[in-house]
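Have a look at the structure below before the remarks.
Throughout, read-outs are computed from the coordinates displayed, never taken from laboratory work. These numbers come from a predicted model, not from an experiment. A quick note on method: Cβ atoms are made from the backbone with ideal geometry, for glycine too, and the neighbour counts reach across all protein chains shown.
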Amino acid sequence: MIVVSGIQPTGKPHLGNYLGAIRNYVKLQDEAHANGGQCLIFLADLHALSMPHDPADLHASTLEMVATLVACGLDPAKCVLFNQAQVPQHAELQWLLTGTARMGWLNRMTQWKDKAGKNREGQSVALFTYPVLQAADVLIYQATHVPVGEDQKQHLELARDIAQKFNNDFANEDAPVFTLPEPYIPEEAARIMSLRDGSRKMSKSEPSDMSRINLTDDADTMAQKIKKAKTDPEPLPSEVAGLAERPEALNLVSIYAALAETTPDAVLAEFGGEGFGKFKPAMADLCVAKLGPIRDRFVELKEDREALDAILARGALQARELATPTLDSAYQALGLVRGRPA
């Protein structure tokens, strides 16, 4: 089992990132480590170049994200934790794969359409081709499993298409260059929505900070955001079916259930018939209890820049060693003579 996943280092990590991805990284790390597998988690700083960015902010947020991941439970002794920019094999393989990827495939990417909007001609080439870099990110390590949300399944399908076509075009049938990775979509992964709009995902890019609970928020800030979260005047129902037309109420119940590691039905069995005046304080207490220790550890870690740099350097060294054999095979399959650094 080789698990590979990346997370954008830009913006503050929030509750949606934790419940939807980071918490599962920790579980996968422990599972892979216990079974003799490998878990690689990287900061996707090269992907950040696809959009306008401030270089100083990108460097600082990369280190902060490392602190966040370690505070949440990722252990550099059990997983390989690194940033893309220190492992040039990612970008090298991306270029090799651009000869296999097709314009039509990339044009169909939903996220390209959403992010480019009507001004496609004005977007960077990196925004258009970053799904090929995503493919390189996982194929370079022969990943067997890639944790993905519903919004990323299309990109993993593209990675599989690229790998399959490359293998068909350049490799022997009995000795493929790339493993076709499988999606890993945990059933318990929560889809966390904005505290201001239950129809939109909780996002780092949302203008209002009140729309999300940041993992860096203190206890008072968390409680205040939950208190002001958008709801409706009706009491909570006793069954989930009663939340069908109440997206904000469903979101808060889903968050509570995810934090408590239980089900929405169990939450409603406890709070059904109660108003939000009782539910929100209970939810705030739960948030503080679960996220408070993570925040405290983060605050401690983020001040130790030397330790964070060391974690990234050690992880990058491991990642480069793991990536080199696959890159060598890709060069050889394409008939290229790869030079070695002096």
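With labels modelled as points extended 7 Å from the Cα through the Cβ direction, what inter-label distance (nm, one decimal) is found for Trp105 paired with Ala34?
Result for the modelled spin labels: 3.6 nm.
Where both residues lie in the chain, what percent of DSSP beta bridges are antiparallel, nearest 5? It would help to have the intermediate numbers written out before the result.
On the way: 3 of 17 bridges.
Percent antiparallel among DSSP bridges in the chain is about 20.
Apply the Karplus curve 6.51 cos²θ - 1.76 cosθ + 1.60, θ = phi - 60°, to the phi angles in the range 29-41 and return the couplings in whole Hz, x for Gly and Pro.
Along the range 29-41, the couplings run 4, 5, 5, 5, 5, 5, 10, x, x, 9, 10, 10, 10 Hz.
In terms of Cα to Cα distance under 19 Å, which aspartates and glutamates are near enough to Lys302, apart from those fewer than 8 places away along the same chain?
Here the aspartates and glutamates satisfying the reach criterion relative to Lys302 are Asp45, Asp57, Glu64, Asp75, Asp217, Asp218.
Pick the calculated mean projected area of the Cα convex hull in nm² for this structure from (1) 17.2; (2) 22.6; (3) 19.3?
Matching entry in (1) 17.2; (2) 22.6; (3) 19.3: (3).
Give Lys201/Lys227; Lys113/Lys228; Lys204/Lys230 a once-over and call out the pairs whose C-alpha atoms are over 28 Å from each other. List each step's numbers first, then the result.
Working: Lys201/Lys227 19 Å; Lys113/Lys228 33 Å; Lys204/Lys230 18 Å.
The pairs that break the limit, which is 28 Å between Cα atoms, are Lys113/Lys228.
For the pair Glu321 and Asp197, what calculated FRET efficiency results from E = 1/(1 + (r/R0)^6), where r is the Cβ-Cβ distance and R0 = 56 Å, to the nearest 0.05?
Working: r = 45 Å, r/R0 = 0.81.
That gives a FRET efficiency of 0.80.
If I model the range 1-101 as equal point scatterers sitting on the Cα atoms and use the Debye formula, what is log10 I(q)/I(0) at q = 0.15, 0.18 Å⁻¹?
The Debye formula, applied to the Cα set alone, gives -0.65, -0.90.
Estimate the FRET efficiency between Asp285 and Met210 by the formula 1/(1 + (r/R0)^6), using the beta-carbon distance for r and 25 Å for R0, to the nearest 0.05. Kindly include the intermediate steps, with their values, before the conclusion.
Values: r = 19 Å, r/R0 = 0.77.
With a Förster radius of 25 Å, E is 0.85.
Check Cys39: other-chain or 5+ apart residues with amide H under 5 Å from its amide H, H built from backbone geometry?
Val3, Val80
Which is farthest toward the positive dipole end of the range 209-301 among Val299, Tyr256, Met283, measuring Cα position about the Cα centre, with Cβ charges +1 (Lys, Arg) and -1 (Asp, Glu)?
Checked the options; the winner is Val299.
Around Ala323, under 12 Å between beta carbons, what's the net of Lys plus Arg minus Asp minus Glu among the other residues? Could the numbers behind the result be given before it?
On the way: positive: Arg320; negative: Glu92, Asp137, Glu321, Asp328.
Net local charge, Ala323 excluded: -3.
In whole Hz, with x marking every Gly and Pro, tabulate ³J(HN,Hα) for the range 289-304 from phi via Karplus 6.51 cos²θ - 1.76 cosθ + 1.60, θ = phi - 60°.
Computed from phi, the couplings for the range 289-304 are 5, 7, 9, x, x, 5, 4, 4, 5, 4, 4, 5, 6, 5, 7, 9 Hz.
Could you pull out every one of the aspartates and glutamates with an alpha carbon less than 16 Å from that of Lys280, ignoring same-chain neighbours closer than 8 positions?
Asp220, Asp232, Glu234, Glu248, Glu270
For a quick check: with amide H placed at 1.01 Å from N, whose amide H comes under 5 Å from Arg200's, ignoring anything fewer than 5 positions away on the same chain?
Ser194
For Val299 and Lys113, calculate 0.36 nm times their separation in residues minus their Cα-Cα distance, and state this gained length in nm to one decimal.
On the way: separation 186, 0.36 × 186 = 66.96 nm, distance 3.77 nm.
Full extension of this stretch gives 63.2 nm more.
Please sort by residue number the GluC sites (Glu not before Pro) in the range 158-216 whose DSSP state is loop and whose Cβ has at most 10 other Cβ atoms within 10 Å.
On the way: sites: Glu173, Glu187, Glu188; in loops: Glu173, Glu187, Glu188.
Answer by residue number: Glu173, Glu187.
Rounded to two decimals, what ratio of Rg to Rh does the range 209-301 give with C-alpha atoms and a Kirkwood Rh?
Working: Rg = 13.5 Å, Rh = 13.6 Å.
Result for the range 209-301 is an Rg/Rh of 0.99.
Which whole-Hz couplings ³J(HN,Hα) result when phi for each residue of the range 92-98 is put into the Karplus expression 6.51 cos²θ - 1.76 cosθ + 1.60, θ = phi - 60°, listed in order with x for Gly and Pro?
Result, rounded to whole Hz: 4, 5, 4, 5, 4, 7, 5.
Cross-link partners among lysines for Lys27, C-alpha distance below 19 Å, same-chain residues fewer than 8 apart left out?
Straight-distance partners of Lys27: Lys78, Lys290.
Work out the length of the dipole vector of the range 209-301 about its Cα centre, built from +1 on the beta-carbon of each Lys and Arg and -1 on the beta-carbon of each Asp and Glu, and round it to the nearest 20 debye. Numbers along the way, then the final one.
Working: 11 positive and 16 negative charges, 47 e Å.
My answer is approximately 220 debye.
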